[in-house]
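**Student:** My questions will all concern the structure given below.
The values are calculated or read from the model by the stated rules, or taken from the named source; none is laboratory data. Since the structure is predicted, the reported quantities are computational estimates derived from the model, not experimental observations. Because the Cβ atoms are built from the backbone with ideal geometry, glycine has one as well, and the counts that use them run over all protein chains shown.
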Amino acid sequence: MEEAPNKKYDPGSNEGKMYQLWEEAGIFSAEGGSASGGNPPKGRGVFSMVLPPPNVTGILHIGHALMVTLSDVIVRYRRMRGDKTLWLPGTDHAAIATQEKVERDIYKSEGKTRHDLGREEFLRRVDAFAKASHDGIVHQLRKLGASLDWSREAFTLDEERNQAVKEAFKRMYEAGLIYRGSRIVNWDPKLQTTVSDDEIEWKEEKTNFYYLKYGPFTIATARPETKFGDKYVVMHPEDERYAKYKDGEKLNVEWINGPVVATIVKDKAVDPSFGTGVMTITPAHDAADFDIAERRKLDREQVIDFHGKLLPIAGEFADTHISKARSLIVEKLKSKGLVEKTDENYVHRIATSSRGGGVIEPQLMEQWFVSVSKKFKATSDKINGIKKGSETNLKEIMLKAVEGGQVNIIPERFKNEYFHWIENLRDWCISRQIWYGHRIPVWYRKQKINNNKQLTTEEIRVGEKPEGEGWEQDPDTLDTWFSSGLWTFSTLGWPDACRQTENSKLKTQNCEVVPGSDLAVFHPTSLLVTAYDILFFWVARMILMTGFFLGDVPFKTAYIHGIVRDKDKKKMSKSKGNAIDPLGIAETYGMDAVRMALVVGNAPGSDPVISEDKIRGYRNFATKVWNIARFLNMNEVFTADSGAKLVARDALHMKEFEAVKARVTSLIDRYQLHEAANEIYHYLWHTFADKIVEEGKLCLRSDADAEAGDTASTRAMFREIFRESLILLHPFMPFVTEAIYQEHFAPFSKDKLLASTPWC
RNA sequence: GCGCCCUUAGCUCAGUGGUAGAGCGUUUCAUUGACAUUGAAAAGGUCGGAGGUUCGAUCCCUCCAGGGCGCACCA
């Protein structure tokens, strides 16, 4: 026996068609997208978002699907509400991540390093890889149903964004916020570059803790291999035990490679209760030691080179890699009788690079930094607590923007983490010793900049390549987050859309926004949807950059979602093999089902657990909705007179449905998407289908028993509730709802597409 | 060390100051004209523990236990 046609909803044959329909109708464009045809009606606003640009390191994973779905639900809703709606797409060059990926691939297939290929050829390879990734990502975003305005697509490393980066660098440099400094940075000897504080992963390690004799003192250390240059011995000024030693006093001590002159330093940084209360310091390889050296103007000497090998200061151990040196040095110390005891169960934490897993070696290096505490004059009153013209700094801007409520973070608990992070924030090292990324827009002639020397304009230029001979560009590139920090406004036409005012004294940041430009219309953006793992990397830095360049916030609300977990609560990742590929699974169950599974039950900020079972459950729901439509169609509901007078029972159903509409609407407005989706799901299946339709069947079938008015009333009620249910469900399950709408409603509606039908 | 979060049905998670919800799983029954990707029903929870506030607490407060996370960090 043959099956009835279209018994099952077939996502495969519908989803592509529906997306094409939307794109061709131009409804995703900010100009034509809203239900009112572009210009927001009175009382309606403007709604804008940028897509957190996915890294061009490969394909999208389920976490992207989550972010895209949550965003798309809201964007589609706002569009149906009649707002002038922009959702701006783009991709991120992801500097270090992309470079590393390509380097690995090349090494695997050709056995060559980037140095073998040379900068130019290597960058060509990276660009080719990035282009391919980009194309895949764009394809995937369409598959996900993302209603993005493709006419405004951007890339963090394209020409416009490069202009923005150069301009931003220049203005910050001129304001004194970007400076070249010699500071302790996190050096990754494996990748041969600095990494930011936030890219550090701390790992616990059990190791030996050596108590060494240093003249009359005993010092404790886990890293004897760094101790060659130690000539300062530090203790707390009020430590009774060492009261007889005076600050600045010099002592001769026998040390690893012979006698050295040790200088006593009394400093409160030492904790008298830890170890022996005395330590020697290694300012070139430890941030805390460096602070002391900086404060007390002490010498600092590099002991370990950038490849992790000991320098000549180590004497006989010079050129030995630190991983091998430790045991050798301990042997020597023992033979000299300098090892007092060894604690074998010492647990401490070592810094590793989250990019490549290499052990970080703190190094004293010259790098470019953004100062988070240097004062400058505020250029606007837009952030509560900071007055125009008053002195402020980047830290304060980041703090006040959230504290004052200009940026609302959902869920609220992330505010605490954010504040905590800012309190401890140090200057941001923005230079990277890699090739892929925005080259630092600084040119030198004759000599390089250094923090002790002021260079003239004959020696340094910032911004654009200067005319004339002999200029050489800084070889480094910028931290990828420098360009993504500009994202909300670099994508909207900054700096061109923001003319600098000639007569302003605050030339560096101040500018006038060109009326009618994207920047004027859409910035600050309404909402940012992103995962909590980049709260500091990105969210905080956007607030920093926008605060400085526009005196404003980048977005009014940040909706922070979690990290997708598998059934065992493990983070999904390709390397673990537990990842669900959103597109692969959607081929089986349909993208609508994947989207619902990502939304329902996933409270803001918490980690959603996604399993194939859950997706299958919502696939069943899509089929259910499809079959409701089939049933109603069989019973001539869609061709019914929608103006029929409703009998009391049907009017009651309508009234109850009004309450559902109100709840769904209010829940979306409050970003309770997980509840909103659940509400409409329940209503459609377990109230409308199971109760109202089942009950109405009698009325439709046994015409003999029913009054004509009853039947007409029931049909009209079915038609209206179902039509509006499709509207409520559309942001969550856009494909199946549009397919049903096209088949049964479009010919009778003056609006052609469900996606641009006004919200009910 | 400072701070945050979680602990609810067998599993994974929502939720609320007033008889507890979803997905999946389990049990029973129904079914050839929307849908077995179904329907009807059932089993299953003293909402981590102990106090407190309240007419009433799973929800608010305090403490405790277990788990997770952020930041800082000691040589």
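**Student:** So A:Trp187 fits all but one of (1) in contact with a strand residue (DSSP E or B) (Cβ under 6 Å, 6 or more places away or on another chain); (2) among the aromatic types (Phe, Trp, Tyr); (3) under 20 Å from A:Pro441 (Cα atoms); what number is the exception?
**Tutor:** (3)
**Student:** Go over the candidates A:Val372, A:Val347, A:Val442, A:Val402 one by one and state the one that is loosely packed, with under 13 Cβ neighbours inside 10 Å and among the β-branched types (Val, Ile, Thr). If you could, list the steps in order and put the result at the bottom.
**Tutor:** Details: A:Val372 fails: loosely packed, with under 13 Cβ neighbours inside 10 Å; A:Val442 fails: loosely packed, with under 13 Cβ neighbours inside 10 Å; A:Val402 fails: loosely packed, with under 13 Cβ neighbours inside 10 Å.
None of the others qualify; the one that does is A:Val347.
**Student:** Might you check whether a residue that is at pLDDT 95 or above, crowded, with 20+ Cβ neighbours inside 10 Å and hydroxyl-bearing (Ser, Thr, Tyr) occurs anywhere in region A:377-385?
**Tutor:** Checked region A:377-385: no residue is at pLDDT 95 or above, crowded, with 20+ Cβ neighbours inside 10 Å and hydroxyl-bearing (Ser, Thr, Tyr).
**Student:** Looking only at region A:240-271, count every residue that is within 13 Å of RNA strand B (Cβ to nearest atom) and out of contact with any helix residue (DSSP H, G or I) (no Cβ under 8 Å at 6 or more places or on another chain) and tell me the total.
**Tutor:** 6
**Student:** I would also like to ask the following. Answer yes or no: is there a residue in region A:524-541 that is of a type in the set (Ser, Thr, Tyr), in a loop (DSSP other than H, G, I, E, B) and in contact with a Gly (Cβ under 7 Å, 6 or more places away or on another chain). Outline the logic, then answer.
**Tutor:** First, pick out the residues of region A:524-541 that are of a type in the set (Ser, Thr, Tyr): A:525-526, A:530, A:532.
This time we only want the ones that are in a loop (DSSP other than H, G, I, E, B), so: none.
No; the residues of region A:524-541 include none that is of a type in the set (Ser, Thr, Tyr), in a loop (DSSP other than H, G, I, E, B) and in contact with a Gly (Cβ under 7 Å, 6 or more places away or on another chain).
**Student:** Starting from region A:648-666, keep only residues that are over 26 Å from A:Ala712 (Cα atoms), then list their pairs with residues that are surrounded by 13 or more Cβ atoms within 10 Å (Cβ to Cβ) and aromatic (Phe, Trp, Tyr) whose Cβ atoms are within a distance under 8 Å, requiring at least 6 positions of separation or different chains.
**Tutor:** Within 8 Å, the pairs are A:Thr665/A:Trp759.
**Student:** For A:Arg152, are the conditions met, namely being under 24 Å from A:Ile430 (Cα atoms) and surrounded by 15 or more Cβ atoms within 10 Å (Cβ to Cβ)? I'd like the intermediate steps shown before the answer.
**Tutor:** Details: under 24 Å from A:Ile430 (Cα atoms): no; surrounded by 15 or more Cβ atoms within 10 Å (Cβ to Cβ): yes.
So A:Arg152 fails the test.
**Student:** Name the single residue, out of those in region A:272-292 being part of a helix (DSSP H, G or I) and within 9 Å of RNA strand B (Cβ to nearest atom), that is nearest to the chain's Cα centre (by Cα). Lay out the reasoning, then the answer.
**Tutor:** Of region A:272-292, the ones part of a helix (DSSP H, G or I) are A:283-285, A:287-292.
Right, trim to within 9 Å of RNA strand B (Cβ to nearest atom) and you get A:287-289, A:291.
Working: A:Ala287: 27, A:Ala288: 29, A:Asp289: 32, A:Asp291: 31 Å.
Among those residues, the one meeting the criterion is A:Ala287.
**Student:** What is the number of the single condition among (1) near RNA strand B (Cβ under 7 Å from one of its atoms); (2) within 20 Å of the chain's Cα centre (by Cα) that A:Ala558 does not meet?
**Tutor:** (1)
**Student:** If A:Lys400 satisfies every condition in (1) under 12 Å from A:Gly547 (Cβ atoms); (2) within 15 Å of RNA strand B (Cβ to nearest atom); (3) of a type outside the set (A, V, I, L, M, F, W, C) but one, which is the exception?
**Tutor:** (2)
**Student:** Another one. Just checking, which of A:Gly337, A:Gly277, A:Gly308, A:Gly356 is small (Gly, Ala, Ser) and more than 24 Å from A:Asn208 (Cβ to Cβ)? Explain how you work it out, then say what you get.
**Tutor:** Details: A:Gly337 fails: more than 24 Å from A:Asn208 (Cβ to Cβ); A:Gly277 fails: more than 24 Å from A:Asn208 (Cβ to Cβ); A:Gly308 fails: more than 24 Å from A:Asn208 (Cβ to Cβ).
Checking each option against the conditions leaves just A:Gly356.
**Student:** For region A:184-207, give me each residue that is within 13 Å of RNA strand B (Cβ to nearest atom) and modelled with pLDDT of 90 or more.
**Tutor:** If the condition is that a residue be within 13 Å of RNA strand B (Cβ to nearest atom) and modelled with pLDDT of 90 or more, then A:Ile184, A:Asn186 are the ones that fit.
**Student:** Tally the residues that are under 17 Å from A:Ser48 (Cβ atoms) and within 16 Å of RNA strand B (Cβ to nearest atom), restricting the search to region A:513-542.
**Tutor:** Residues of region A:513-542 that are under 17 Å from A:Ser48 (Cβ atoms), as a first pass: A:513-530, A:539, A:542.
Filter again for within 16 Å of RNA strand B (Cβ to nearest atom), leaving A:530, A:539.
Selection size over region A:513-542: 2.
**Student:** So for region A:354-363 (the condition being touching a residue at least 12 places away in the same chain (Cβ under 8 Å), hydroxyl-bearing (Ser, Thr, Tyr) and within 16 Å of RNA strand B (Cβ to nearest atom)), does at least one residue qualify?
**Tutor:** yes
**Student:** Can you confirm whether A:Asp299 is within 10 Å of RNA strand B (Cβ to nearest atom), over 20 Å from A:Thr218 (Cβ atoms) and touching a helix residue (DSSP H, G or I) at 6+ places or on another chain (Cβ under 9 Å)? Step through it out loud before you land on a result.
**Tutor:** Numbers: within 10 Å of RNA strand B (Cβ to nearest atom): no; over 20 Å from A:Thr218 (Cβ atoms): yes; touching a helix residue (DSSP H, G or I) at 6+ places or on another chain (Cβ under 9 Å): yes.
Judged against the criteria, A:Asp299 is not a match.
**Student:** Additional query: Output the residues belonging to region A:260-287 that are loosely packed, with under 15 Cβ neighbours inside 10 Å and either at pLDDT below 90 or more than 14 Å from A:Val233 (Cβ to Cβ) (or both).
**Tutor:** Looking only at region A:260-287, we keep the residues that are loosely packed, with under 15 Cβ neighbours inside 10 Å, and these are A:261, A:268, A:271, A:273-274.
Residues satisfying the conditions are A:Lys268, A:Asp271, A:Ser273, A:Phe274.
**Student:** Something else about it: Answer yes if at least one residue in region A:327-340 is away from RNA strand B (no atom under 15 Å from the Cβ), closer than 15 Å to A:Trp187 by Cβ and either at pLDDT below 95 or touching a Lys or Arg at 6+ places or on another chain (Cβ under 6 Å) (or both), and no otherwise.
**Tutor:** The answer is no; no qualifying residue exists.
**Student:** Moving on to the next point. Considering only residues that are under 41 Å from the mean Cα position of the chain (by Cα) and either among the β-branched types (Val, Ile, Thr) or within 9 Å of RNA strand B (Cβ to nearest atom) (or both), which ones fall in region A:208-229?
**Tutor:** Listed by number, the residues that qualify are A:Phe209, A:Ala220, A:Thr221, A:Ala222, A:Arg223, A:Pro224, A:Thr226, A:Lys227.
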